[in-house]
Amino acid sequence: MNGKQRILATVRGEAIDRRAFMPISMSIAADEVGARYHDYATDFRVLARGQLAFAAAVGADFVSVISDPAVEAADLGAAIIAPEDQPASLDDTRSVLADKAALSGLGLPGGAAGRRMTNRIAAVDALAAGAKGQLLVEGWVEGPCAEAADLRGISRFMMDFFDDCAFVTDLLDFVTEVGITFACAQVAAGAGIIGVGDAASSLIGPDLFRKFVLERHRRYVAAIHGAGALARLHICGNSGPLIAMTRDLGYDIIDLDSMAGIAEARAAAGPAQVFNGNLDPVRSVRNGTPESVTADLHECAAAAGAAWIVGAGCEIPRGTPRANILAMRDFAFS
């Protein structure tokens, strides 16, 4: 059973030869091939080399185009802070939608993909060629709440929920269209799963999530499934209060950050929902030892049950000892 088959079987609840292993790698994958992070994030050839090299080195079952939250926003005109050797971020002091009226002038980039989006689609294609069907290839898009915050600025967007619900609705509808179009383009390029990163959802609470965001995630999932791929939800932070709602969205895999307890999530979602995580990426994975990583994974496994994939709560940090990552692999292999 290869990595792709293993993840697919896990999602379907079928027999597997061992647990699937899906560590999120970004900076550490760039380091694997000695690349500056800016080059990794903006040149699909560098990203593909880094992902394939890292997956081979640690026995990961997938490769991913995840790089930073600024891909769609950059192509929509957002101001980006792009260090040489760190992930890009949004410049909230110059948000493209600091003036709400600018929303009416935004449209999908030409061909539904601008320069950075086109690069990500090319990365999917390169990974699909390099993986040769042995690893699951993951595309990535920003979720509705996260992308809206990227364009509007996180503080402004949080206030908009109380000051201008009509604008929030219009903005979320727009970014949902962008996200779905981008996701489907990546599926067409060879992605077998699309990760949907929606960190900002952990900041708004269950009531606002239910009112404004929930149904838009349902549209993401329906579109991704309709295009022929799996869908994975990744919410940084404490997504625990949202799990009871997200279980009905149809996401094939839901990531759990270290702040979201697995036992509580399992109780809320039921036995069939596949979870990935939730080792603390810094305290456990980067700063731990192989022995402590293994012990932490035993706790996760006991709480998660069978529908669980070995992984950390978020990205494996740069500088993580290789022995700690291999301890995660060995646990999956055991």
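Data table
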quantity: Helices (runs of 4 or more DSSP H) fully within the range 66-156 counting 1 or more residues that are under 29 Å from L208 (Cα atoms), in contact with a helix residue (DSSP H, G or I) (Cβ under 8 Å, 6 or more places away or on another chain) and charged (D, E, K, R); calculated: 71-75, 144-152
quantity: Pair list, Cβ < 6 Å and 6+ apart or interchain, from the range 32-47 residues that are of a type in the set (D, E, K, R) to residues that are not in a helix (DSSP H, G or I); calculated: R36/E84; R36/D85
quantity: Criterion: in contact (Cβ under 8 Å) with a residue 40 or more places away in the chain and buried (at least 22 other Cβ atoms within 10 Å of the Cβ) - qualifying residue of E177, E147; calculated: E147
quantity: Condition broken by A35, with the remaining ones in (1) assigned to a loop (DSSP other than H, G, I, E, B); (2) closer than 23 Å to D255 by Cβ satisfied; calculated: (2)
quantity: Hey, R218 touching a residue at least 24 places away in the same chain (Cβ under 8 Å) and in contact with a Phe, Trp or Tyr (Cβ under 7 Å, 6 or more places away or on another chain) or not; calculated: no
quantity: Pairs where the first residue, in the range 2-31, is touching a residue at least 60 places away in the same chain (Cβ under 8 Å) and farther than 15 Å from I253 by Cβ and the second is surrounded by fewer than 24 Cβ atoms within 10 Å (Cβ to Cβ) and among the charged types (D, E, K, R), C-beta under 6 Å, 6+ apart; calculated: M26/E315; S27/R318; I28/R318
quantity: Test: residue in the range 272-280 that is part of a loop (DSSP other than H, G, I, E, B) and exposed (fewer than 15 other Cβ atoms within 10 Å of the Cβ); calculated: yes
quantity: Unique residue being part of a loop (DSSP other than H, G, I, E, B), modelled with pLDDT of 95 or more and under 23 Å from I7 (Cβ atoms) when the list is E315, E299; calculated: E315
quantity: Within the range 73-82, considering residues that are touching an Asp or Glu at 6+ places or on another chain (Cβ under 8 Å) and in contact (Cβ under 8 Å) with a residue 24 or more places away in the chain, the one surrounded by the most Cβ atoms within 10 Å (Cβ to Cβ); calculated: A73
quantity: Conditions (1) closer than 25 Å to A185 by Cα; (2) more than 20 Å from the chain's Cα centre (by Cα); (3) assigned to a helix (DSSP H, G or I): number failed by A56; calculated: (1)
quantity: Filter result for the condition that a residue is at pLDDT 95 or above, surrounded by fewer than 15 Cβ atoms within 10 Å (Cβ to Cβ) and more than 22 Å from Q5 (Cα to Cα), over A56, A70, A102; calculated: A102
quantity: Subset tally (residues that are in a strand (DSSP E or B) and surrounded by fewer than 19 Cβ atoms within 10 Å (Cβ to Cβ)) for the range 228-259; calculated: 0
quantity: Filter result for the condition that a residue is without any contact (Cβ under 8 Å) to a residue 40 or more places away in the chain and out of contact with any strand residue (DSSP E or B) (no Cβ under 8 Å at 6 or more places or on another chain), over E315, E299; calculated: E299
quantity: Within the range 83-99, considering residues that are over 20 Å from the mean Cα position of the chain (by Cα) and of a type outside the set (D, E, K, R), the one surrounded by the most Cβ atoms within 10 Å (Cβ to Cβ); calculated: L97
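The rows are residues; the columns are (1) under 26 Å from I7 (Cβ atoms); (2) assigned to a helix (DSSP H, G or I).
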residue: A185; (1), (2): yes, yes
residue: A188; (1), (2): yes, yes
residue: A191; (1), (2): yes, no
residue: S201; (1), (2): yes, yes
residue: R210; (1), (2): no, yes
residue: E215; (1), (2): no, yes
residue: R218; (1), (2): yes, yes
residue: A222; (1), (2): yes, yes
residue: H225; (1), (2): yes, yes
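The values are calculated or read from the model by the stated rules, or taken from the named source; none is laboratory data. Since the structure is predicted, the reported quantities are computational estimates derived from the model, not experimental observations. A quick note on method: Cβ atoms are made from the backbone with ideal geometry, for glycine too, and the neighbour counts reach across all protein chains shown.
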